[in-house]
Amino acid sequence: HNNKGALNVKMATDLGELLVPYMPTIRVPRRGDRVFKSECAFSYDSPESEGGLYVCMNSFLGFGREHVERHYHKTGQSVYMHLKRHVKEVRRVTKLFSNLELNRDFNGVDYEYEDEAKLVIFPDHFEIPLPNIEELPALVTIACDAVLNASSPYKKQEADSWEEEIQVSRHARSLRQQDNRVRIPPSGWKCAKCEMRENLWLNLTDGSVLCGKWFFDGSGGNGHALEHYKETNFPLAVKLDTINPDGADIYSFDEEEAVLDPHISEHLLHFGIDMLQMQRTENGHHTDNHVQPRVSDWEVIQESSLKLKPVYGSGYTGIKNLGNSCYLSTTMQVLFSIPEFQRAYVGNLQRIFDYSPLDPTQDFSTQMAKLGHGLLSGQYSKPPMKSDLIEQVMKEEYKQQQRGISPKMFKALVSKGHPEFSSNRQQDAHEFFLHLINLVERNSSGSETPSDVFRFLVEERVQCCQTQKVRYTQRVDYLMQLPVPLEAASNREELIAYESKRKEAEENMRPPPEPVRARIPFTACLQDFTEPENVPDFWSSALQAKSAGVKTSRFASFPDYMIVQIKKFTFGVDWVPKKLDVSVDVPDFLDLNRLRATGLQAGEAELPDITPPIVIPEDTRAPEIDESSVMQLAEMGFPLEACRKAVYYTGNMGAEMAFNWIIAHMEEPDFAEPLAIPTYMEPDLPGPSFPTSSALDNQPPEESISILTSMGFPRHHTIQALKATNNNLERALDWIFTHPDCEDESEAMSDTADTEPNSNSDVFFYFPRWLIYNDHKICLSERPPKDLGYMYFYRRLSSC
């Protein structure tokens, strides 16, 4: 000890001279500089990690022990601040009120932190303990102090920004509740200012129950809770249907973010809600004299009634919630379970890291490799020590050891410049998936892109209903979107009865009945996908006029992984987005061979390749033609009528554009024929190609029937539609779409959703072993709620 003390004294006397060669490289963080003192640029090491974190005193980037040497050799920067946080558990006798409380686990264990900082000079790893104000040069002292006190690099000025995990509200401890004897009933809640009965928030000051705003989780509202805050400045509110023995979702209007309230049980008890007395029955339902919420999708998805077995190691690393970030976590967990993404980023980890730019926090490939390694290495998902397990068993308690990762750097990068993903609001996983695929493709330098495993071609067949001519085109897509036909619900009678009871309860101011979820056969969703759809404002190049047109979609190619999205979001008559409460019996095996594209068939005639004219609907006068452009073309020797058509079809854009049109169409047989100005049909008049039938005529014209049946509609359904619309072809098509023919529809696709794969077809299946990824906790799933999914990932079994 004496020798060590003598060495420290000697070190201290030479500090000024020691740092002189490095003074030009040491900077004081300026405004706009981001200081990464909580996360490594290449890993999820932090000051709490075994090796601590090294912060470069020039670039202010953070590096774990395994990566700091790379930065030193690449940049020559020698001076780093080494940060180490020592965590100590402190047993408390206080009761835990919220499972989200900071620095406290599920057994009421608090943590005390002891922070240690020192300067380290590479390559000799010479260490200078901090603070050492008297011995260090003034510039170094100022720089160290600025780094230690720097704010989070993810902090933004916008009100909807996110910074770190959910924090305790500054209003929690000092909240004053009004003694107005308000008691909240266990059910039958309704917004005090409108008729909303969902997404309701209880103000913790005066007990007002008011609606929130609409978010992507399908919750709806008119924003009355926010209006109430603006009128009263009462800051905290709790979402009523989230209250459980472990806590609740709490929002601070003043801080404009989700927050924690360590005293939430006391604040709820003020309004008659005793959350600490809530108990679980054997089947996992809450029982309480005050609040008995319906078993929600969230509880079913979490399998909260079961004691699930946690898993650890490679591929079983969770992602901490950054605040409404489930859409990001679920997408990335699935992507990095796919071998092509693993190989592209984790397989090339060293090459990506070695060739990363000077600021790796802004490099997409680096951050993808970092995230993939964090999820797959098992480094951040280690099982508890045997000694800890024995202690837990003896004390009849279980303490979660799964640590997980917190991808704040990744989220900041992929959401940069995006108005939605850069916020902390709830987002749509489907939209984020497409956003990420776009980033993957933009940042892929090699010939192979991992997102190609989702890429496929869709063949779109558009048919003119009057001429029966067709056009085939192809487009790229990355997922299959299946509609949800509510009219095909297998429990339709039950739904009708529920709706009747709900309306009756609402009229009589009684609590609503237990909601009934619509059960939709997957075959009905698939059938709806295959049906022809109306093409709005279709312009037929064969008629050179507006006409009725229909479109069908088929697969021109199949991907290695087929993503099926159940379109659970729709718009009500008031244009407010709503989430459909449905259960879909999604199969394990999916045979899509019947949906293969066929291309142009024998006997089909193609629509001419003619560009529709530019028409201004408000102007009913005959279109004007630039005669000067016509004469310029005519002087070149082209027929006058052809020149007039060229100028007309290019929208009077000049002689050059018209000349290009002439070159493209001069081989057509009607090239020199006079221009026929297209006229648009009145909606209730039959087309010129078909005779008008009397409304009293029982049988529609055979020509009309044949056109609709050629599109795949049943003959009896076609006749019904024509009779219902006075034999008007366009209106009959609309009638078919709004009056689906239920007879034998589901049978047509019943063998498309197989329980076992066929040997000669394009069959997809999703993985047999199920895991539940609940933020940072990973467990084996016992009852996977496959019918409640939003996006399903299928792997292709065969290709032929």
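The values are calculated or read from the model by the stated rules, or taken from the named source; none is laboratory data. Treat the numbers as computed from the prediction; the structure is a model and nothing was measured. As a convention, Cβ positions derive from the backbone with ideal geometry for all residues, glycine included, and neighbour counts pool all protein chains shown. When the accessible area is computed, the model is the full protein with side chains, heavy atoms only, and any ligands, DNA or RNA have been set aside. Shrake-Rupley method; radii C 1.70, N 1.55, O 1.52, S 1.80 Å.
Here are the numbers for this structure:
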| item | result |
| --- | --- |
| Any chance residue 500 is assigned by the TED database to the domain that holds residue 581, without any contact (Cβ under 8 Å) to a residue 12 or more places away in the chain and either of a type in the set (Gly, Ala, Ser) or closer than 22 Å to residue 790 by Cα (or both) | yes |
| Candidate set from the range 55-88 (those that are hydroxyl-bearing (Ser, Thr, Tyr) and touching a helix residue (DSSP H, G or I) at 6+ places or on another chain (Cβ under 7 Å)); member that is surrounded by the fewest Cβ atoms within 10 Å (Cβ to Cβ) | 78 |
| Leading residue by the ranking (surrounded by the most Cβ atoms within 10 Å (Cβ to Cβ)) among those in the range 651-667 that are touching a residue at least 12 places away in the same chain (Cβ under 8 Å) and on the phi < 0 side of the Ramachandran plot | 658 |
| Which listed residue, of 537, 581, is open to solvent by 50 Å² or more (accessible area, probe 1.4 Å) and either assigned by the TED database to the domain that holds residue 717 or closer than 24 Å to residue 331 by Cβ (or both) | 581 |
| Given (1) modelled with pLDDT of 95 or more; (2) open to solvent by 70 Å² or more (accessible area, probe 1.4 Å), index of the condition residue 95 fails | (1) |
| Subset of the range 500-549 [within 18 Å of residue 582 (Cβ to Cβ) and among the aliphatic types (A, V, I, L, M)] | 516, 518, 520, 524, 526 |
| Every residue from the range 458-481 that is closer than 30 Å to residue 705 by Cβ and assigned to a strand (DSSP E or B) | 458, 459, 460, 461, 462, 463, 464, 470, 471, 472, 473 |
| Test: residue in the range 172-181 that is at negative phi, hydroxyl-bearing (Ser, Thr, Tyr) and modelled with pLDDT under 90 | no |
| All positions within the range 23-47 that are out of contact with any helix residue (DSSP H, G or I) (no Cβ under 7 Å at 6 or more places or on another chain) and surrounded by fewer than 17 Cβ atoms within 10 Å (Cβ to Cβ) | 24, 25, 30, 31, 32, 33 |
| Condition check for residue 463: open to solvent by less than 40 Å² (accessible area, probe 1.4 Å) and closer than 30 Å to residue 562 by Cα | yes |
| Boolean, residue 145 is open to solvent by 70 Å² or more (accessible area, probe 1.4 Å), more than 30 Å from residue 272 (Cβ to Cβ) and modelled with pLDDT of 90 or more | yes |
| Selection within the range 778-790 - over 13 Å from residue 307 (Cα atoms) and either open to solvent by less than 40 Å² (accessible area, probe 1.4 Å) or in a loop (DSSP other than H, G, I, E, B) (or both) | 784, 785, 788, 789, 790 |
| Residue count, the range 466-503 (criterion: open to solvent by 40 Å² or more (accessible area, probe 1.4 Å) and within 18 Å of residue 535 (Cβ to Cβ)) | 9 |
| Test: residue in the range 211-223 that is at pLDDT 90 or above, part of a loop (DSSP other than H, G, I, E, B) and open to solvent by 60 Å² or more (accessible area, probe 1.4 Å) | no |
| Residues being of a type in the set (Val, Ile, Thr) and at pLDDT 85 or above - total across the range 230-245 | 2 |
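Residues checked against (1) modelled with pLDDT of 90 or more; (2) within 21 Å of residue 772 (Cβ to Cβ); (3) open to solvent by 10 Å² or more (accessible area, probe 1.4 Å):
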site: 315; (1), (2), (3): no, yes, yes
site: 326; (1), (2), (3): no, yes, yes
site: 332; (1), (2), (3): yes, yes, no
site: 344; (1), (2), (3): yes, no, yes
site: 350; (1), (2), (3): yes, no, yes
site: 353; (1), (2), (3): yes, no, no
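Here is a yes/no grid of residues against (1) modelled with pLDDT under 80; (2) in a helix (DSSP H, G or I); (3) outside the structural domain of residue 635 (by the TED database):
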{"residue": "648", "(1), (2), (3)": "no, yes, no"}
{"residue": "653", "(1), (2), (3)": "yes, no, no"}
{"residue": "680", "(1), (2), (3)": "yes, no, yes"}
{"residue": "684", "(1), (2), (3)": "yes, no, yes"}
{"residue": "690", "(1), (2), (3)": "yes, no, yes"}
{"residue": "696", "(1), (2), (3)": "yes, no, yes"}
